[in-house]
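Contents: one structure, followed by commentary.
Please treat every number below as a calculation from the coordinates, not as lab data. Predicted, not measured: the structure shown is a model, and the values here were computed from it. Here the Cβ positions follow ideal geometry from the backbone for every residue, glycine too, while neighbour counts run over all protein chains shown.
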Amino acid sequence: MIAQRIEKIGSYTLYYLHDIGRMGLFLFYALLGTFKRPFRFAALVKEIRLIGANSFAVIFFTAAFTGMVLGLQGYYTLRQFGSEGLLGSAVALSLIRELGPVLTALMVTGRAGSAMCAEIGIMRISEQIDALDCMAIDPFRFLITPKLWATIISVPLLTLIFNVVGIYGGYVAGVYILGVNPGAYFTGMEHSVINKDINLGIIKSFAFALIIIWVCAGRGYFVQEIKGAGFGAESVSRVTTQAVVISSISILICDYLITAVLL
């Protein structure tokens, strides 16, 4: 019994070490595809539209109502101390430092990351990726690299949109609904938000974008090699769910680490 448990632990350890190694190589080859010619600019633009432009609606509504909730909650908290004029500062700092990058990344993971994983997973189980290899076409340059750079470009831009929409959502809740002075709202924000806060949010958005493409595309690419995934369509569904969960948890962990180091 003890020997079987030790053998099982060793088997899982070797599997996860192998998984970490192949995911590392996946990211390396995806980045290497950038330098292989011809670079697929048309595919890059298409992926930016699919990942970035098509995510605008969900980002807009999430940001608007997040900002409004922050405005409401911040107002009733600050009113206890007679500091309603600091509402703009509280909303802006919360969005720019934390909620903007994190919620944007989570929304993109759920909307675009899951689709990306399923698309590549289906191409793998239907042997389309093997067909590219047979035709001497690098699947990383052809499939993964455009998605990589599209995600890295789109997520920071969506984060900036989230921040702006969220700040105006807080303005609507605080000024039009609760009666906060509009000048105090923007003056407090202007005096409290500094370049370090903006840079922190931008760094987070780039890190989260890399996590999304790495995990979601990588899980789909190796769908047939993942333990417990099953076969066929079942494997794609399970791996897609796994990719979203792993990406979301990794984003939250990375958020804490970056904040602890740079704040």
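log₁₀ I(q)/I(0) of the range 83-217 at q = 0.17 Å⁻¹, via Debye over equal Cα point scatterers, no solvent, to two decimals?
Log-scaled intensity ratios, in q order: -0.87.
For the chain, please report how many Lys pairs fall under 18 Å Cα to Cα, leaving out neighbours fewer than 8 apart on the same chain.
Pairs that pass both the separation and distance tests number 4.
What angle, in degrees between 0 and 90 and rounded to the nearest 10, separates the Cα long axis of helix 56-78 from the longest principal axis of the Cα atoms of the chain?
40
With a sphere of radius 15 Å drawn around the Cβ of Thr159, what net charge do the other residues whose Cβ falls strictly inside it have (Lys, Arg +1; Asp, Glu -1)?
Result for the local shell: 0.
Based on the Cβ-Cβ distance of Met23 and Ile137, what FRET efficiency does E = 1/(1 + (r/R0)^6) give at R0 = 25 Å, to the nearest 0.05?
0.65
First measure r as the distance between the Cβ atoms of Ala260 and Gln128, then evaluate 1/(1 + (r/R0)^6) with R0 = 30 Å and state the FRET efficiency to the nearest 0.05.
In this case the efficiency is close to 0.10.
Could you give the Stokes-Einstein D for the chain in µm² per second, using the C-alpha Kirkwood radius, 10 °C, 1.306 mPa s?
Rounded, D is 79 µm²/s.
With a cut-off of 8 Å between alpha carbons and a minimum separation of six or more residues, what is the relative contact order of the chain in percent?
Averaging sequence separation for qualifying contacts and normalising by length gives 31 percent for the chain.
Output the lone cysteines of the chain: those with no second cysteine's C-beta under 4.7 Å from their C-beta.
Cys134, Cys254
With a 10 Å radius around each residue's Cβ, average the other Cβ atoms per peptide and rank 73-80, 86-93, highest first.
Going by the mean number of other Cβ atoms within 10 Å, highest first, we get 86-93, 73-80.
Order of Phe81, Phe56 from fewest to most other C-beta atoms within 10 Å?
Phe81, Phe56
Go ahead and run the numbers for FRET between Val58 and Ile6, Cβ-Cβ distance against an R0 of 45 Å, rounding to 0.05.
For R0 = 45 Å, the calculated efficiency reads 0.40.
Give me the number: length gained by fully extending Ser192 to Tyr76, i.e. 0.36 nm times residue separation minus the C-alpha to C-alpha distance, one decimal in nm.
39.8 nm
Could you sort 144-155, 61-72 so that the peptide with the highest average Cβ count within 10 Å comes first and the rest follow in order?
Top to bottom by mean Cβ count within 10 Å: 144-155, 61-72.
Using packing as a proxy for protection, rank 114-125, 243-254, 8-19 so that the peptide with the highest average count of other Cβ atoms within 10 Å comes first.
114-125, 243-254, 8-19
Please work out the C-alpha center-to-center distance from the range 28-44 to the range 72-88 and express it in whole Å.
Cα centroid of the range 28-44 versus Cα centroid of the range 72-88: 49 Å apart.
With Kirkwood's inverse mean 1/r over C-alpha pairs for Rh, give me the Rg to Rh ratio of the range 1-86, two decimals please.
1.33
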